[in-house]
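Heads up: the structure comes next, in structure tokens.
Just so it is clear, none of the values below were taken in a lab; they were calculated from the coordinates. What you see is a predicted model; the values in this text were computed from it and never measured. Positions of Cβ are backbone-derived with ideal geometry, glycine not excepted, and every protein chain shown enters the neighbour counts.
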Amino acid sequence: MGPVRSLIEFRGARVDAGPGGELAQAMRDEIAVIYDGLELDGDSMPKAGPAELSPPDGAFIVGWLGERAVCCGGVKQLDARTCEIKKMYVIPERRGQGVARALLHALEDKARELGYEVARLDTGPKQVSARGLYESEGYVRVADFNGNPVASFWGEKPLR
């Protein structure tokens with residue numbers, strides 16, 4: 001663990017309120033710029049709101065460095081043994097410091113706690129560093145499992 005990663009405290013949060021909601025909105029705002037014209041709430045987009053990212057089958061966490069919320073992400077049930085990691089976001093000034101890797105590990109741990117055996121995720125063609133992170137963490141390409149119209153990489157990793 002790097003110096004920043006070892007200081008992050010992960011806590012449960014809401015995707016639609018408080019610090020979790022603020023980070024999730026910042027992620028949406030950034031995605032809207034990266035993929036200009038994308039209808040983020042369109043019918044074709046995979047759902048990842050409070051219903052999907054809350055107990056008992058889902059979760060949403062925020063990573064804290066001291067009093068500052070620096071990252072967020074969620075776990076969504078796909079089926080009894082498979083989950084999808086959603087809404088991974090790191091604030092711009094903390095990128096490149098290992099925060100995303102620490103967040104991914106925390107989300108995988110949360111998925112294990114929830115009883116999932118396999119984690120899946122996706123990312124788009126303009127998020128090259130995200131794909132690099134996922135592949136370096138053992139996610140292998142699988143077929144499109146969620147119909148995300150902007151994804152170009154769908155990955156899967158066993159959690160057990």
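Span-like helix check, the chain: qualifying full DSSP H segments, with Cα axial length of 18 Å or more and mean Kyte-Doolittle of -1.0 or more, are 18-34, 99-113.
Please compute the contact order of region 5-158 in relative form: average sequence separation of alpha-carbon pairs under 8 Å and at least six residues apart, divided by the residue count, as a percent. Walk me through the numbers on the way to the answer.
Values: 254 pairs, mean separation 31.6, N = 154.
Computed value for region 5-158: 21 percent relative contact order.
Averaging Cα coordinates gives a centre for region 55-115 and one for region 5-42; these two points are 11 Å apart.
Computed about the Cα centre, the dipole magnitude for the chain is approximately 480 debye when only Lys and Arg (+1) and Asp and Glu (-1) carry charge, each at its Cβ. Between the amide H of PHE10 and those of TRP64, distances stay under 5 Å, these residues lying 5 or more places away or on another chain, with hydrogens modeled in the peptide plane. Hey, in the GNM for the chain with a 10 angstrom Cα cutoff, which one of ALA51, ALA59, ALA119 fluctuates hardest? Of ALA51, ALA59, ALA119, the most mobile in the Gaussian network model is ALA51. A value for Cα extents along the principal axes in Å was derived from the coordinates, and within the list (1) 38, 38, 30; (2) 57, 49, 30; (3) 83, 34, 32 it appears as (1).
Backbone amide hydrogens, once placed in the peptide plane, bring SER152 within less than 5 Å of THR123, GLY124, excluding anything fewer than 5 places away on its chain.
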